[in-house]
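A short worksheet on the structure shown next.
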Amino acid sequence: MVGMNQTSVPRWAWDETAPGAAPDPRGRTFTLLVLPGAAAVADRWAEAVAGRAVRRHEAADVPTAVAALHADLATARVGHRVLVAGTARECLAVRAAGVRAGLADDEMTFGVVSTADRAVWCVHCDATTVAPVAIDDVVACTGCARSLLVYPHVSRRTGEHLGFMVDAEQPGTAAEQPGTAGVAA
Amino acid sequence: MSARLDLVVTSVDDAVPGIRSVTLAAPDGAALPPYTPGSHLVVDVPVGGGRTRKAANAYSLTGESVHPTSYAISVLRCATTAEGGTGAGGSAWVHGLAVGDRLTATPPRSAFAPVHVATRHLLVGAGIGITPLLSHLRSHVRWGRDAELVYVFRDGHGAHVDELKELGGDRVTFLHDRAGLAEHLAVRLAEQPLGTHLYTCGPAGFMDAVVATATDLGWPASRVHLEPFGVAALDPGEPFTVGVAGRVLEVPSGTSLLEALEDGGLSVPNLCRQGVCGECRVEVAPGSGPVLHRDLYLDDATRASGSCLMACVSRALPAADGRAHLEVTL
């Protein structure tokens, strides 16, 4: 198995003992996206960048946070930083939106309050399963019910983990998978 | 050593004082390898004309990068040490070339490519440092990318000024003094839409100033790209000794570790000989004293690991006992 430090999964997305990140003090302006349950992290950051131009958005969910991010980025100048406080799954999803919008890794900071939930993308049926599951564990796909191994790879473009059938090499198992009719076509 | 191209000088242009533009082609006129905008050739400079060692100088390509049938370089003549300057004589040699002369060079190498995910490109050059940026601008105009160029040069001594104006139109700004540059940069660097990348090339002091202004305005390192050239002359350094392959060699002040190894009959791959290209990396062996890193190639983590150094510019630092000694393996 690959070492976690050699994977595409950032440490903050799997290691809750990782040291907390701090806003880049060189940033000129900031967007602060606060997802539910992460106000304490956000308050700490807000204090660290007090006096700067900070736009704080309390977002109920990822789509709301991404919409606020897009609105801010539309007029942002180089020198802007994006701070995201939420669960690892939410942070990975918002990071994906940031990456797609052209943000660089050194322009984004993540404050993670929980690493329990993951989004797992099924390579077989294209469905995304959100579940409390650890990397290298197995989760049932909500699209095709295959048993998916949660591989230690996260897509920068979607924020989802790579999931593939864990028992694909056992004879006969594929035919027994429910809900696969037409998938291979 | 890497493969070399045989080239012939097809034209020289000395219209700008101190700067010579040279066009090179394959002897049979065949197409040359295409290159990424911002690439350079490493031209072999032979011994002679006061040069006791052969050298290899990097010159940015200014011409068309797609399906080229010629390579164009522009070279500022630096005063040689014999003339009271700091140049090793490579640029003086280029200024002595005539149409029909033959030379060898590496195929184009890229260390300063445009970032293709950038939504906008801000190019800031000074003096002869305009050369790789001209190549960038040419590519951006061709592909319709958003670009802006700021060029600072001593009035009357600008290279490719007409060409830049024709290519870039009102996206190009010419400046002639430091105060004007500082003022202009403070405004332009503050106003770039997120997604812009900054590229700068020029004398070390100029690039330091550009980077300092950008950093003050919050530019992250990933958006700032430098093409070091005209590396500031390094001091000759203190003498030290080097242990290699069971021998101990003296490295006097004014002689580089690379030169000392070569003088000792040892062969070390090398290209630029000024701490930029990364070819002459040698491994540090157990028992070595501390290293004075003077290159522009190694990152901080590698330097801190103490595992290697660039033989062309880096030297030994005295250890606690005052002895300056390196142990290396080739």
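Derivation of every value follows stated rules applied to the coordinates shown; laboratory data play no part. Just so it is clear, the model here is predicted, and its values are computed rather than measured. Here Cβ is always computed from backbone atoms with ideal geometry, including for glycine, and neighbour counts include all displayed protein chains.
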Of the peptides B:177-187, B:75-85, B:276-286, how do they stack up when ordered by the mean number of other Cβ atoms within 10 Å, highest first?
B:276-286, B:75-85, B:177-187
Can you tell me how much longer the chain between B:GLU83 and B:ASP299 gets when fully stretched, taken as 0.36 nm per residue apart minus their C-alpha distance, in nm with one decimal?
74.2 nm
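Just checking the output field for A:16-27: average partner chain Cβ neighbours within 10 Å of each residue's Cβ?
1
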Charged-residue dipole, Cβ positions (Lys, Arg, Asp, Glu), region B:210-330 about Cα centre, Debye nearest 20:
120 debye
What whole-number distance in Å separates the alpha-carbon centres of region B:53-115 and region B:182-222?
27 Å
With each label point set 7 Å from Cα along the Cα-Cβ vector, what nm distance links B:ALA186 and A:GLU58?
4.0 nm
In whole µm²/s, the translational diffusion coefficient that Stokes-Einstein assigns to chain B, given a Kirkwood hydrodynamic radius over C-alpha pairs, 10 °C and 1.306 mPa s, equals 75 µm²/s
What ranking, highest mean first, results for peptides A:50-59, B:110-119, B:50-59 when packing means the other Cβ atoms within 10 Å averaged over each residue?
B:50-59, B:110-119, A:50-59
Calculated FRET efficiency, A:ALA74 and A:ASP106, Cβ-Cβ r, R0 30 Å, to nearest 0.05?
0.90
Once the Cα atoms of helix A:88-100 and of chain A are each reduced to a long axis, what angle between those two axes, in degrees from 0 to 90 to the nearest 10, is obtained?
80 degrees
How much of the DSSP beta bridge set in chain B is antiparallel, as a percent to the nearest 5?
60 percent
Taking the simple approach of a point 7 Å from Cα along Cα-to-Cβ for both B:ARG145 and B:ALA285, what is their distance in nm?
4.6 nm
Mean ellipticity per residue at 222 nm, deg cm²/dmol - from DSSP H runs of n ≥ 4 across the protein assembly as shown, formula -39500 (n - 2.57)
-5500 deg cm²/dmol
Where Rh is the Kirkwood radius over the Cα pairs of region B:92-245, the temperature 20 °C and the viscosity 1.002 mPa s, what D in µm²/s does Stokes-Einstein return?
124 µm²/s
Return the percentage of antiparallel bridges among DSSP beta bridges fully within chain A, rounded to the nearest 5 %.
40 percent
Neighbouring partner chain Cβ atoms per residue of A:75-85, average, 10 Å criterion:
5
Other protein chain Cβ atoms within 10 Å, averaged over every residue that makes up B:184-196
4
Angle between the Cα long axis of helix A:39-48 and the longest principal axis of chain A, 0 to 90 degrees, nearest 10?
40 degrees
DSSP bridge pairs, the protein assembly as shown: antiparallel proportion in percent, nearest 5
55 percent
Stokes-Einstein D in µm²/s, Kirkwood radius over Cα pairs - the protein assembly as shown at 37 °C with 0.692 mPa s viscosity:
123 µm²/s
Place a label point 7 angstrom from the Cα of A:SER114 along the Cα-to-Cβ direction, then list the residues of region A:37-61 whose backbone nitrogen is under 12 Å away.
A:37-38
What residue among B:LEU185, B:ALA214, B:SER253 has its Cα farthest toward the positive end of the dipole of region B:161-253, where the charges are +1 on Lys, Arg and -1 on Asp, Glu, each on the Cβ?
B:ALA214
Per principal axis, descending, Cα span of region B:245-330 in whole Å
33, 32, 23
